[in-house]
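*Asks:* Got a structure for you, written out below as structure tokens; questions coming shortly.
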There are 4 protein chains.
Amino acid sequence: MIEEGDRVILVGSKREYYLRAGPGKFGSDAGEIQLAGLVGKMPGDRIETHLGKPFTIRVPRPPDLFCHGKRSGAPMLPKDIGMVIAYTGMNRKDSVLDAGTGSGVAAIYFGGIAQQVDTYEIRPEFARLAEKNIADAHLDNVTVHADDVLSAEGSYDIVHLDMMIQKEHVAHAWSLLVPGGFFVTYTPFFEQTFSVIDACNELFSGGVNCFECMERELTRTVRGTRPSTRVAHSGFLTIARK
Amino acid sequence: MIEEGDRVILVGSKREYYLRAGPGKFGSDAGEIQLAGLVGKMPGDRIETHLGKPFTIRVPRPPDLFCHGKRSGAPMLPKDIGMVIAYTGMNRKDSVLDAGTGSGVAAIYFGGIAQQVDTYEIRPEFARLAEKNIADAHLDNVTVHADDVLSAEGSYDIVHLDMMIQKEHVAHAWSLLVPGGFFVTYTPFFEQTFSVIDACNELFSGGVNCFECMERELTRTVRGTRPSTRVAHSGFLTIARK
Amino acid sequence: MIEEGDRVILVGSKREYYLRAGPGKFGSDAGEIQLAGLVGKMPGDRIETHLGKPFTIRVPRPPDLFCHGKRSGAPMLPKDIGMVIAYTGMNRKDSVLDAGTGSGVAAIYFGGIAQQVDTYEIRPEFARLAEKNIADAHLDNVTVHADDVLSAEGSYDIVHLDMMIQKEHVAHAWSLLVPGGFFVTYTPFFEQTFSVIDACNELFSGGVNCFECMERELTRTVRGTRPSTRVAHSGFLTIARK
Amino acid sequence: MIEEGDRVILVGSKREYYLRAGPGKFGSDAGEIQLAGLVGKMPGDRIETHLGKPFTIRVPRPPDLFCHGKRSGAPMLPKDIGMVIAYTGMNRKDSVLDAGTGSGVAAIYFGGIAQQVDTYEIRPEFARLAEKNIADAHLDNVTVHADDVLSAEGSYDIVHLDMMIQKEHVAHAWSLLVPGGFFVTYTPFFEQTFSVIDACNELFSGGVNCFECMERELTRTVRGTRPSTRVAHSGFLTIARK
């Protein structure tokens, strides 16, 4: 049931809107909706504007937060977050250390899966933004640290870095991992990818692999079906096991 | 702590072995190990053969089960399982319906994340195999049904099919999904992919997308770094939202 | 030596211009150039504007005509034209039949290689445009036919179609080819590609293959090197041998 | 008409054979053929074994020489040779310098198109092999030099190198090119590709681009159509213009 302050998506015939249940109203060319009227509703319920136009109520899932949450720079794409989850086998028993939080997209995905997530973001304004997005996702197992990840302590099953990576980050990640744990980095350029691979090869005995996931969409219209011509490269994932 | 009957991976200097703690012994050219000696050990502990060769003890994670579990035909690859998880935003609150269990690889990944997974496999011998693999993964929230997925009932956040898909499967999936829930299919051939897209477009109002994830590994040796020349195609993922 | 009426490219420090030697003048923010002054010059010579800014004179090669020639719709990309040339082994002894001339890009490439090219374009305005581009390329072995390719007669080593293809086009191509000759089609959508493959499999005994060439550029800047994110799909090449 | 000593391909119902018209006989499980009987035949003619099994006579084209010619290591693939031809716009007016001849595959393709080709191969045994393959292709405009390409002199429209490339090779190529001419290199590894790009950027004012051509085959069987899972990477093509 939707409560006061909850994030809600209103899905209309052509558009969807990312709103918050509670005070105020929302207006579009389809008419106005009092946002207090969303409180107490269930996902899938309909609500009408003062002009009688219906919207369906959706409770946000991680892909919605990826699409609608406030951003800071380019977040990791779902395809790459999925690779991190799959290649590490992330699951509910895991403690995850994440750094380069940005707007918190990866941390939100991880927080919905792992037992506990610590995410480090050295830029205070991004850390604050991520905290808001994570609160909107109702995740109380994700802690944002507005700090350098090198100050992180403890023991983790998975360490994931989406940031500029120095050799000392690789060594620090290694020291925090349990035996059999995974270190994963996301790096857009070849040069940094190569230096991460080299640093991992020195420390990680359980294997080091590096993948690129090239995603292509199939577009199917009345003219025919074809691969569409969208973005083909985002970054490389290096996966090292302790 | 490792208990009697648990699956364990012994990691040696060049190879790893997928074993079970308990009665019996394991022999390789490095010597013999009494498997009862694994009980009570912790991940990361070492154990020596009668020749004094050390092995490190690893508790299996989902990627280990993908590598070492018994198989029935070609399982979904981690890259594609990761796409399913990421594009649906699968998380601990979700009920998941899975069908075309095979050896249970996808069900094991999903079971480590979701609250509850029902997986349907119409071939009894595959269902039994999957049950064993799932038991080895210590997942008590995954139920294997040796039955036709069309007999499934209830309400699900995500329905995932890796099997030959007819139009009735699409309609059935739609009927079981909560509002905002996701239907995902994995299909290796274009023809079936196209017919799934068409069937989804008739029923699912929340959008239908189809992706292919082409994974390439970067290989880095003393000769230099290059994309390696491994498998480039597995199947297409069609993702439809209710 | 450049003659009156020849196409010329003037290469400046940041831009290049596609011009014609002869009457008139060309003006840019770098100043004016009398185009008659280009007559008698050699490729690589420099010419200065009235403000003393130098431009280098280049005689167009096929890639220049691809970049600068007047277009009609989307021409085939060089990567795909290169695949046609390589998979057929097009050479100076070949007679080539081309159809779906468009602005003549493929015909210009083929005309620079083959002994003789007949190119068919059913839309008269495109045929006229192609004739102009071909004349600018100084190719007297390429004949543009403003006609249906089904009216073509004679004997060819290679038949290349970049147009909507019916089964009768496949049969007609087969009938015009010498033994061992190649039929190549370029089709952007899967559906047409599949029907071309099927029609070829019925007639062509020398093998039928279908390829897609996914071209990626490597971008190298001071920030680092990465695959760039440009167009990944254009069309499929089906290559059938008689 | 086929003459004594000419290379010929005999195409049977399931296999093809690369032979030479003249003395001797050829035997397969379909029976024997006297090779002198091929002299005077035309492409497309049939010849029968002593058991009455028919073969069709094909005169080799460059793709046949790629498939059947004797090799030395891994030759450039047609897709990459096609990219060289297309991005340079290679045509009958061109003088081409090629190095890293290997078995002569690229030189044979270029020789069928350009006015004249000089190809340098520093390993004498490869140079001899290439000379034989080139003779079989009836190309009298291709000269094999069993020498270091740094000793090449003259003026060329295109310089193509498929070999280990040092900075001095880039400078030497630049010095031999006409204005507007193209320098193209084929390099399998990233490291060398990057150093070639950097060396080209210092010298070539007409632009430097680097491409990878990822070729995928579509496989169409009664089970359905899918991208096949063959080789995805060969090398990078760097294209620099003077």
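The values are calculated or read from the model by the stated rules, or taken from the named source; none is laboratory data. Quantities reported herein were computed from a predicted structural model and do not represent experimental measurements. Cβ coordinates were reconstructed from backbone atoms using ideal geometry, including for glycine residues, and neighbour counts include every protein chain displayed. To get the accessible areas, we keep the full protein, side chains included, count just its heavy atoms, and leave off ligands, DNA and RNA. Shrake-Rupley method; radii C 1.70, N 1.55, O 1.52, S 1.80 Å.
*Asks:* How large a share of the accessible area of the range A:62-124, in percent, is made up of carbon and sulfur atoms when the probe is 1.4 Å and the other protein chains stay in place?
*Replies:* Details: 970 of 1700 Å².
The value for the range A:62-124 is 57 percent carbon and sulfur by accessible area.
*Asks:* Still on this structure: Roughly how many Å² is the accessible area per residue of the range C:143-204, as a whole number, for a 1.4 Å probe?
*Replies:* On the way: 2430 Å² over 62 residues.
So the range C:143-204 comes to 39 Å² accessible per residue, rounded to a whole number.
*Asks:* Further question on the same structure: Inter-copy label distances at A:GLY5, 7 Å along the Cα→beta-carbon direction, one decimal in nm, shortest first?
*Replies:* 4.6, 8.2, 9.3
*Asks:* I want to verify a result. In a Gaussian network model of chain B, Cα cutoff 10 Å, which of these has the top mean-square fluctuation: B:GLY52, B:GLY82, B:GLY102?
*Replies:* B:GLY52
*Asks:* Shape verdict for the range A:85-170, please, from the Cα gyration tensor: rounded (a/c under 1.5), prolate (a/b greater than b/c) or oblate. Spell out each step's value before the answer.
*Replies:* Numbers: a/c = 1.70, a/b = 1.03, b/c = 1.65.
Because a/c hits 1.5 or more and a/b fails to exceed b/c, the range A:85-170 counts as oblate.
*Asks:* Here is a further query. Would you kindly work out, in nm and rounded to one decimal, the distances from the label point of D:GLU48 to those of the same position in each other copy, ordered shortest first, with label points 7 Å along Cα-to-Cβ?
*Replies:* When each copy's label point is compared with this one, the spacings are 8.0, 8.1, 8.7 nm.
*Asks:* Let me ask another. What residue of chain D sits with its beta carbon nearest the rotation axis taking D to A, and at what distance in whole Å?
*Replies:* Chain D residue with minimal Cβ-axis distance: D:PHE190, 3.
*Asks:* Just how much of D:TRP174 is accessible, in Å², when a 1.4 Å probe is used and the result is rounded to the nearest 10?
*Replies:* Rounded to the nearest 10, that gives 90 Å².
*Asks:* Just for the range B:155-242, what percent of DSSP beta bridges are antiparallel, to the closest 5? The partial results should precede the final answer.
*Replies:* On the way: 15 of 20 bridges.
If we restrict to bridges inside the range B:155-242, about 75 percent are antiparallel.
*Asks:* Right, something else. What average count of beta carbons from other chains do you get within 10 Å of the Cβ of residues in D:56-64? Mind showing how you got there, number by number?
*Replies:* Working: counts 5, 2, 5, 3, 2, 12, 7, 7, 3.
For this peptide, the per-residue mean of nearby foreign Cβ atoms is 5.
*Asks:* Give the percent of DSSP beta bridges with both residues in the range D:1-143 that are antiparallel, rounded to the nearest 5. Before the final figure, lay out the partial values.
*Replies:* Details: 15 of 22 bridges.
DSSP beta bridges in the range D:1-143 are roughly 70 percent antiparallel.
*Asks:* Still on this model: Nearest 10 degrees is fine. How inclined is helix C:167-176 to the longest principal axis of chain C, computing both from alpha carbons?
*Replies:* Orientation of helix C:167-176: about 80 degrees from the principal axis.
*Asks:* Report, to the nearest 10°, how far helix C:124-136 tilts away from the longest principal axis of the Cα atoms in chain C, using its own Cα long axis and a range of 0 to 90°.
*Replies:* Value to nearest ten degrees: 50.
*Asks:* Under a Cβ-only charge scheme (Lys and Arg +1, Asp and Glu -1), can you give me the dipole magnitude of the range B:164-242 about the Cα centre, in debye to the nearest 20?
*Replies:* Numbers: 8 positive and 7 negative charges, 108 e Å.
For this selection, approximately 520 debye.
*Asks:* Quick check for me: using +1 on Lys/Arg Cβ and -1 on Asp/Glu Cβ, what's the dipole size of the range C:1-92 about its Cα centre, in debye to the nearest 20?
*Replies:* Rounded to the nearest 20 debye, it is 220 debye.
*Asks:* While we're looking at this one, here's another question. Can you compute the modelled spin-label distance between A:LYS53 and D:LYS167, with each label point 7 Å from Cα toward Cβ, in nm?
*Replies:* Between A:LYS53 and D:LYS167, the label points sit 6.4 nm apart.
*Asks:* What aspartates and glutamates could a cross-link reach from B:LYS167, if we take a straight Cα to Cα line under 12 Å and drop same-chain neighbours fewer than 8 places away?
*Replies:* B:ASP198, B:GLU202
*Asks:* Mind checking B:190-199 for the average number of partner chain beta-carbons within 10 Å of each residue's beta-carbon?
*Replies:* On the way: counts 12, 7, 2, 7, 6, 0, 0, 4, 1, 0.
Mean shielding by partner chains, rounded to a whole number: 4.
*Asks:* Same structure again: May I ask what percent, to the nearest 5, of DSSP beta bridges between residues of the range D:102-211 are antiparallel? Present the calculation step by step, with values, prior to reporting the outcome.
*Replies:* Details: 0 of 9 bridges.
Percent antiparallel among DSSP bridges in the range D:102-211 is about 0.
*Asks:* Helix-only mean residue ellipticity at 222 nm, chain A, DSSP H runs n ≥ 4 weighted -39,500 (n - 2.57), per residue, nearest 500. What is it?
*Replies:* Working: 6 runs with 62 residues, N = 242.
Mean residue ellipticity at 222 nm (helix-derived): -7500 deg cm²/dmol.
*Asks:* Same structure again: Label position 7 Å from Cα toward Cβ: report the copy-to-copy distances for B:LEU150 in nm, one decimal, ordered from shortest.
*Replies:* 4.4, 6.3, 7.4
*Asks:* For a Förster distance of 41 Å, can you work out the FRET efficiency between the beta-carbons of B:GLU202 and A:ALA36, rounded to the nearest 0.05?
*Replies:* Working: r = 36 Å, r/R0 = 0.88.
Plugging the Cβ-Cβ distance into 1/(1 + (r/R0)^6) gives 0.70.
*Asks:* Something else now. May I ask you to rank A:TYR87, C:TYR109 by accessible area, largest first, using a 1.4 Å probe over the protein chains only? If you can, show how the numbers build up before the last one.
*Replies:* Working: A:TYR87 45, C:TYR109 5 Å².
Sorted descending by solvent-accessible area, the residues read A:TYR87, C:TYR109.
*Asks:* Let me ask something else about it. Pairing the Cα long axis of helix C:190-203 with the longest principal axis of chain C, what angle in degrees results, from 0 to 90 and rounded to the nearest 10?
*Replies:* 50
*Asks:* With a 1.4 Å probe and all protein chains left in place, how much of the accessible area of the range C:156-229 comes from carbon and sulfur atoms, in whole percent?
*Replies:* Numbers: 1480 of 2790 Å².
For the range C:156-229, the apolar C and S fraction of the accessible surface comes to 53 percent.
*Asks:* Estimate for me the total accessible surface buried between chains A and B (protein heavy atoms, probe 1.4 Å, no ligands or nucleic acids), in Å² to the nearest 100.
*Replies:* On the way: alone 13190 and 13180 Å², together 21960 Å².
Counting protein atoms only, the buried area is about 4400 Å².
*Asks:* What do you get for trypsin sites (Lys or Arg not before Pro) in the range A:53-90 restricted to DSSP loop and a cutoff of at most 16 other Cβ within 10 Å of the site's Cβ? Spell out each step's value before the answer.
*Replies:* Working: sites: A:ARG58, A:LYS70, A:ARG71, A:LYS79; in loops: A:LYS70, A:ARG71.
Within the range A:53-90, the qualifying trypsin sites (Lys or Arg not before Pro) (loop, at most 16 other Cβ atoms within 10 Å) are A:LYS70, A:ARG71.
*Asks:* While we're looking at this one, here's another question. Longest segment of chain D with no GluC sites (Glu not before Pro) in a DSSP loop having at most 15 other Cβ atoms within 10 Å?
*Replies:* Working: sites that count: D:GLU3, D:GLU4, D:GLU153.
Here the longest segment lacking exposed loop sites spans D:5-152.
*Asks:* Then there is this: Placing +1 at every Lys and Arg Cβ and -1 at every Asp and Glu Cβ, with all other atoms neutral, what dipole size does chain A have around its Cα centre, in debye to the nearest 20? Write down the numbers at each step before the final one.
*Replies:* Working: 26 positive and 30 negative charges, 248 e Å.
Its charge dipole is roughly 1200 debye.
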